[in-house]
Amino acid sequence: MRNKIALLYLRKYAEKDLKSIENLFSEDIVLRDWKIRVVGKKNALDETRKNFESANSIEIEVLYIYENAETVAAELKITVDGSEELFVVDVITINAEGKINSIRAYLGRGDS
């Protein structure tokens, strides 16, 4: 079940669908990547909005996905504006209500 929520989040992120993402976030979500760390739904949505505004298009390919009781880790290939490739691991925790509690994103390399 948790991987379905994580995959829905990734799909809505690629679609730049902020309203759907808002419905997936818990009120006390923590969003962290290699540049920022924000706490709270409003702040996480503001950061997400900034990312959406800075990109014309976002494609997300899920390379691998791992799940345990509360956490989903997804290895991703993200293509921004058709040319910039990012290899990222998102570690997403999901609470008992099915809301995303945290997203920790780690930037990696494209070689295997």
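For this structure, a couple of remarks:
- About its Cα centre, the range 2-107 has a charge dipole of approximately 260 debye under the convention of +1 per Lys or Arg Cβ and -1 per Asp or Glu Cβ, with nothing else charged.
- For the range 1-79, lysine pairs separated by 8 or more sequence positions, or belonging to different chains, with Cα-Cα distances below 14 Å total 6.
- Within the listed set Glu59, Glu27, Glu84, the residue fluctuating most in the Gaussian network model of the chain (springs between alpha-carbon atoms under 10 angstrom) is Glu84.
- Under the Karplus curve 6.51 cos²θ - 1.76 cosθ + 1.60, θ = phi - 60°, whole-Hz ³J(HN,Hα) for the range 51-58, x wherever Gly or Pro sits: 4, 5, 5, 8, 10, 6, 9, 9
- Here the simple spin-label model places points 7 Å from the Cα toward Cβ, and for Ile5 and Glu70 these points are separated by 1.1 nm.
- Kirkwood-based Rg to Rh ratio, the range 2-107, C-alpha trace: 0.92
Read the figures in this text as sums done on the coordinates, not as results from a lab. This is a predicted model, so every value here is computed, not measured. Here the Cβ is made from the backbone with ideal geometry for all residues, glycine too, and neighbour counts use every protein chain on show.
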